[in-house]
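Data first, discussion second: the structure below is written as structure tokens.
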Amino acid sequence: MDLHEFWKLVLEEAAAAPGNAERRIVTFHDPRQYAGALSQWKSLKSRRPGLRRVKASPLIRAFFVPAAGAVKLMQRYGEAIAVEEDLRIQIHSQAPPVSAYKPPRSLPWGVRAIHAPQAWSRSTGVHIKIGVIDTGADFLHPDLKSSLATGVNLLHRGMLPIDDNGHGTHIAGTLAAAGGTRGMMGVAPRALIYPVKAFDHTGSAFVSDIVLAIDWCVQNRIDLINMSFGMKSRSIALHDVVIKAYRAGIPIIASSGNDGKRGGDYPARYSETIAVGAIDRKRRVASFSNHGAYIDVYGPGENVPSCWPKDSYKEMSGTSMATSHVTGAAALLLALRPGTTPRELKQMLRRSSAPLLLRKGQRRATLGGGALDAMRLLRSRGRRQKCANSVPRVPG
């Protein structure tokens with residue numbers, strides 16, 4: 001493969017394409033060829049500004065290039081590379097997305113419902129590093145100041161991952177807010193959140209942004225990843241990077257979506273993730289929540305209060321909110337039992353969940369897992385036998 005010619009073609013298209021041009025994900029089959037291409041790209045982009053628009057994920061041996069250039073690359077090097085559309089992906093929240101909420105005087109209902117306060121005598125999630133791939137976080141919020149690490153802004157490198165949407169701050173609050181009696185308390189108040197800003201102010205991102213986000217989490221040895229977003233289509237690149245994180249021992253907890261249907265969104269439907277649905281205050285599957293045998297556990301997701309930018313608080317509904325409860329409970333467990341694998345965590349969440357209350361016409365077997373219970377999770381034991389790994393999941 002002529003790598004000089006490869007980059008010449010990419011450069012021609014990168015120079016001609018507008019700034020908001022569609023992209024393609026170009027993955028190399030041969031690790032040695034990718035290593036050579038990556039080395040050339042690093043040396044060329046300092047002299048060729050057009051190549052700075054190209055991004056790379058060494059974890060899955062991929063480059064993200066302008067769409068027009070990818071066509072020529074596929075024609076020339078089709079046997080050495082694979083080309084995939086760089087699809088849009090959205091955060092999971094209900095519309096209307098928010099309602100105002102006064103500063104809390106008691107623990108949020110979801111934190112109480114999963115028995116997190118009872119678990120704090122055993123674990124508060126201390127030192128667990130949680131990568132929250134989302135819209136960023138409000139670093140000035142008084143309830144989050146001690147809970148946030150610097151993280152990364154993938155949309156504007158060199159800038160803090162400031163939240164310009166609100167969704168990421170809400171997730172962070174449920175996960176690890178530590179406002180005490182006068183503010184918000186999250187499920188794992190001593191965990192450390194690393195905001196990974198991959199979504200813009202509209203709550204939209206590309207698959208390539210998510211690939212880069214997971215790549216960053218793996219390279220920075222994050223313990224746990226929260227992904228409260230999804231899309232209807234399967235992506236080979238996204239699945240590949242999820243598998244890489246799984247093999248690196250990093251659990252990914254993903255929201256199933258808010259269509260109120262049997263089935264769900266990707267990446268939650270990949271077997272390497274932990275799929276989350278939402279329940280209401282009565283421990284029933286929320287009307288908006290996707291459901292099915294592939295769901296591993298359900299968390300509180302209806303009218304959940306949490307932190308919001310500019311020192312405020314708001315309620316939101318969605319499987320996003322449910323996911324942050326599950327990720328928080330997982331942080332409590334990992335602090336108590338470091339070294340728990342993604343497979344073991346999935347098994348423990350399923351086995352320790354409490355029975356759901358069924359709506360008329362529902363059958364328990366069609367819903368998958370039960371309701372999250374942090375105390376039962378901390379008491380559960382992981383099984384390391386091969387025969388204990390049969391978790392039903394819709395094929396990815």
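The values are calculated or read from the model by the stated rules, or taken from the named source; none is laboratory data. This is a predicted model, so every value here is computed, not measured. Backbone-built Cβ (ideal geometry, glycine too); neighbour counts: all protein chains shown.
Details
Rundown of residues vs (1) at pLDDT 95 or above; (2) farther than 21 Å from residue 352 by Cβ, yes/no style:
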| site | (1), (2) |
| --- | --- |
| 247 | yes, yes |
| 255 | yes, no |
| 271 | yes, no |
| 278 | yes, no |
| 287 | no, yes |
| 297 | yes, no |
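- Restricted to the range 229-248, and to residues there that are surrounded by fewer than 15 Cβ atoms within 10 Å (Cβ to Cβ) and in contact (Cβ under 8 Å) with a residue 60 or more places away in the chain, the residue that is nearest to residue 60 (Cα to Cα) is 236.
- Inter-residue pairs, beta-carbon under 6 Å, first among the basic types (Lys, Arg) and in the range 273-298, second part of a strand (DSSP E or B) and at pLDDT 95 or above, 6+ apart: 283/371
- Residue match in the range 278-286 (condition: assigned by TED's automatic domain parsing to the domain that holds residue 356 and within 29 Å of residue 63 (Cβ to Cβ)): no
- Once the range 356-382 is narrowed to residues that are in a loop (DSSP other than H, G, I, E, B) and more than 26 Å from the chain's Cα centre (by Cα), the residue that is modelled with the lowest pLDDT is 361.
- Taken together, 172, 188 contain a single residue that is of a type outside the set (Lys, Arg), crowded, with 22+ Cβ neighbours inside 10 Å and assigned to a loop (DSSP other than H, G, I, E, B), which is 188.
- Filter pass, residue 153 being at pLDDT 95 or above and within 23 Å of residue 335 (Cα to Cα): no
- Condition check for residue 331: within 16 Å of the chain's Cα centre (by Cα) and either surrounded by fewer than 24 Cβ atoms within 10 Å (Cβ to Cβ) or more than 11 Å from residue 174 (Cα to Cα) (or both): yes
- Residue 257 surrounded by 24 or more Cβ atoms within 10 Å (Cβ to Cβ), part of a loop (DSSP other than H, G, I, E, B), touching a residue at least 24 places away in the same chain (Cβ under 8 Å) and at positive phi: yes
- Candidates 156, 127: the one that is in a loop (DSSP other than H, G, I, E, B), free of Cβ contacts under 8 Å to residues at least 60 places away in the same chain and surrounded by fewer than 23 Cβ atoms within 10 Å (Cβ to Cβ) is 156.
- Of the residues 315, 344, the single one that is acidic (Asp, Glu), in contact with a strand residue (DSSP E or B) (Cβ under 8 Å, 6 or more places away or on another chain) and over 15 Å from residue 255 (Cα atoms) is 315.
- Output for the range 25-37, where each listed residue is buried (at least 17 other Cβ atoms within 10 Å of the Cβ) and out of contact with any strand residue (DSSP E or B) (no Cβ under 6 Å at 6 or more places or on another chain): 33, 37
- Strands (runs of 3 or more DSSP E) fully within the range 51-110 counting 2 or more residues that are among the charged types (D, E, K, R) and at pLDDT 85 or above: 81-85
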